[in-house]
Amino acid sequence: MRQIYLDYNATTPIAPSVQEAMLPFLCEHFGNPSSEHSLGRACQEAIEDARFKVASLLGADPEEIVFTSCGTESNNLALLGVFDSLGDGVSGSRASDARAAPKHLVISACEHPAVAAPAAALKKRGHAVSVVGCNTHGVIRLDAFEAALRPETVLVSIMHANNEIGVVQPISEIAKICRERGILLHTDAAQSTGKIRVSVDEMQVDLLTVAGHKLYAPKGIGVLFVRNGVSLTPILHGAGHESGLRPGTENTPYIVALGKAAELAGKCLDDAAQRLAMLRDALAAQLQAAIGEPLKILGAGAERLPNTLSLCFPNVISRDLLARCPEICASTGAACHSSEANMSDTLRAIRLTPEQAAGAVRLSVGWYTSEEDIERAANLLAAAWEALQ
Ligand SMILES: Cc1ncc(COP(=O)(O)O)c(C=O)c1O
């Protein structure tokens, strides 16, 4: 059985040249980057080269790039780090009491659990959290967003592109509103980096998350962009690695891999996006033609990631549908929490009916998807759907 991998939003394979770049750092170049000798220095230089490459992809300064273990850690560092830097729970003097006053965070209703969960943790500590809804296409409602801001709002965290339906949020517009009020803005760009242009200056964000395994680097490496001048408190305590923001001996092989992946993504971004959109639209058209009944494509009325096709198959349960085509690797929601029986936050936020949500499938294409894959997948899915009627 030859598998058809249509789950690039869950994770990507490691690109061959990324693997080639990282392998020597698994064995040959094994030094500790903090060591002063030649083996250590070689690793330190490789890390700085990777930092430069990631910074170039994002339009950032290299010193604004902090390597972490994953997108989840980057999001935690952004949210908890901003609030910790403002001081909470520490009292004793008037000044620290003022710093300890509860602060306010704004997130969207479509955030990944890697943002929603640290937000919930901040709420447990006594801070206020507002969750702003989106329209039925999945785009945040800017009027509701503006209305949610308060004098004590210190941070906004709105994802750049949604992992389930691929919708891209108007981050520059959100940033303008935040800047006018002196509020910091974090965006989770785990899904968008490497798929569409991600520029920290165009978006005017203060903090931005990248997850290596979504852009052809291994799992277990991430980045937090921290704009110069933004004050963050580390969430791990140890030595002074990564400008004191992320202690722990650097994961040189994976950092090198992410640097190479960032370089590759930067080189092929526009061409790849065009090709992926063509494959995604061909898949939608072939499914539509084979099934006949109107297929609801989620987020179709908004700007979407070029690789993401999230759609509702009518009159079926998506898990049953995918079970009938084991060749296809796809997701019934977000892969990391698809076992949840309930509707995901995103599908609820765009106000799908339970019947529509039950038939929702996320098909996400990537660099190694072929036209043949698309044709086979469309035929298999259409046949499975027919059999379930
Ligand atoms: C939007 C988004 N944010 C964060 C994450 C978490 O990234 P990681 O798996 O690297 O922790 C994911 C992974 O699915 C994601 O899609």
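Quick note: the coordinates plus some simple rules give every number you see, no bench work behind them. This is a predicted model, so every value here is computed, not measured. Reconstructed Cβ throughout: ideal geometry from the backbone, glycine too, with neighbour counts over all protein chains shown.
Listing for the model above:
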| item | result |
| --- | --- |
| LYS296-ARG179 FRET efficiency (beta carbon distance; Förster radius 45 Å; 0.05 resolution) | 0.80 |
| The chain: antiparallel DSSP beta bridges as a percent of all, rounded to 5 | 50 |
| Principal-axis tilt of helix 371-388 within the chain, Cα atoms, nearest 10 degrees | 60 |
| Most fluctuating residue given options LEU224, LEU208, LEU264, as computed from a GNM of the chain linking Cα atoms under 10 Å | LEU264 |
| Cβ-derived FRET efficiency at R0 35 Å, GLN3 paired with GLU303, nearest 0.05 | 0.70 |
| On Cα atoms only, tilt of 38-58 relative to the major axis of the chain in degrees | 60 |
| Built amide H within the under 5 Å cut-off of GLY222, gap 5+ | THR68, SER69, CYS70, GLY212 |
| Potential extension, LEU142-THR353 segment - 0.36 nm per residue separation minus Cα distance | 73.6 nm |
| Sites ASP320 and ASN32 - FRET efficiency at Förster radius 41 Å, r taken between beta-carbons, to 0.05 | 0.20 |
| Residues SER231, SER318 arranged by fewest to most Cβ contacts within 10 Å | SER231, SER318 |
| Spin-label pair LEU388/GLU371, simplified geometry with 7 Å Cα→Cβ offset, distance in nm | 2.9 |
| Packing-based ranking, highest mean first, of 113-119, 66-72, 290-296 given that Cβ atoms within 10 Å are counted | 66-72, 113-119, 290-296 |
| Selected from ILE107, PHE67, GLY229, residue furthest toward positive end of dipole (the range 16-264; charges at beta carbon) | ILE107 |
| Cα centroid separation - the range 269-291 against the range 214-230, whole Å | 29 |
| Net charge dipole size for the range 16-264 [Lys, Arg +1 and Asp, Glu -1 on Cβ; Debye, nearest 20] | 660 |
| Relative contact order [Cα under 8 Å, 6+ residues apart], the range 208-362, whole percent | 16 |
| Nearest 10 degrees, 0 to 90: helix 252-291 Cα axis against the chain principal axis | 30 |
| Length released on extending from ALA277 to VAL230, taking residue separation times 0.36 nm less the Cα-Cα span | 13.3 nm |
| Descending Cα extents along the principal axes, the chain, whole Å | 68, 54, 33 |
